[in-house]
Amino acid sequence: MPTQLQLRKVLPISQTVLAVAFGGWGLWERITSINDSWLGWNSTLRFHVWPWPFKFAVVQNIPAFLIGLLLSWPIDSFKPGLPEWVSLLPSLLLVPLLWYLIGAWLDRRRVLGRTSGENVALIFGVFTAVSLIVAVSSGWIFGSYTTFIPLGIVYWIAMAISTYLLGRRWARVAA
């Protein structure tokens with residue numbers, strides 16, 4: 001009998017790699033564009049430049065991002081002037097924990113027969129596609145530079161509710 005892929009091990013690694021890759025790419029684009037501007041960091045430009053790779057990393061990991069911001073707030077107050085990437089480190093450190101908890105929850109559901117591997121793959125495919133759509137379209141559809149954060153929150157809530165309802169439906173069909 002083949003062993004099932006343990007999501008509690010795979011998801012933290014894969015999602016952390018994605019967060020580092022896209023978040024780092026987005027921060028690099030942000031820093032480069034602000035430094036290349038004649039206005040620089042002392043202008044309001046830093047409030048308006050949020051590249052889509054950074055938005056994608058944030059939307060994909062919004063619970064870790066928000067809790068990380070709460071943790072970095074005292075650090076920024078105690079030691080102001082730290083680089084932006086240092087302020088985001090608590091968020092990055094919470095990404096594996098977030099995805100470990102999600103993976104463990106999904107593993108339990110699969111052991112109980114409430115979710116199949118195909119359903120999990122479908123959920124993650126839709127989750128990633130919609131995260132990308134939210135990240136790319138949030139600024140030009142809604143007209144604000146930071147709408148990706150409230151949209152990410154609403155999206156995570158909607159995804160949690162729909163996953164719960166679909167799980168109940170799949171459990172009824174399997175029974």
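If you filter region 54-86 down to residues that are within 10 Å of the chain's Cα centre (by Cα) and closer than 18 Å to residue 31 by Cα, you find that the one that is surrounded by the fewest Cβ atoms within 10 Å (Cβ to Cβ) is 54. Any chance region 30-47 includes a residue that's surrounded by 13 or more Cβ atoms within 10 Å (Cβ to Cβ), closer than 21 Å to residue 150 by Cβ and modelled with pLDDT under 85? Taking every residue of region 30-47 in turn, at least one turns out to be surrounded by 13 or more Cβ atoms within 10 Å (Cβ to Cβ), closer than 21 Å to residue 150 by Cβ and modelled with pLDDT under 85. For region 137-162, filtered to residues that are assigned to a helix (DSSP H, G or I), in contact with a Ser or Thr (Cβ under 9 Å, 6 or more places away or on another chain) and modelled with pLDDT under 80, the residue that is surrounded by the most Cβ atoms within 10 Å (Cβ to Cβ) is 138. Quick check on this structure: which one of 114, 110 is at pLDDT below 80, in a helix (DSSP H, G or I) and of a type outside the set (A, V, I, L, M, F, W, C)? That would be 110, the only listed residue that is at pLDDT below 80, in a helix (DSSP H, G or I) and of a type outside the set (A, V, I, L, M, F, W, C).
The values are calculated or read from the model by the stated rules, or taken from the named source; none is laboratory data. Keep in mind that this is a model prediction, so the values were computed, not measured. Here the Cβ is made from the backbone with ideal geometry for all residues, glycine too, and neighbour counts use every protein chain on show.
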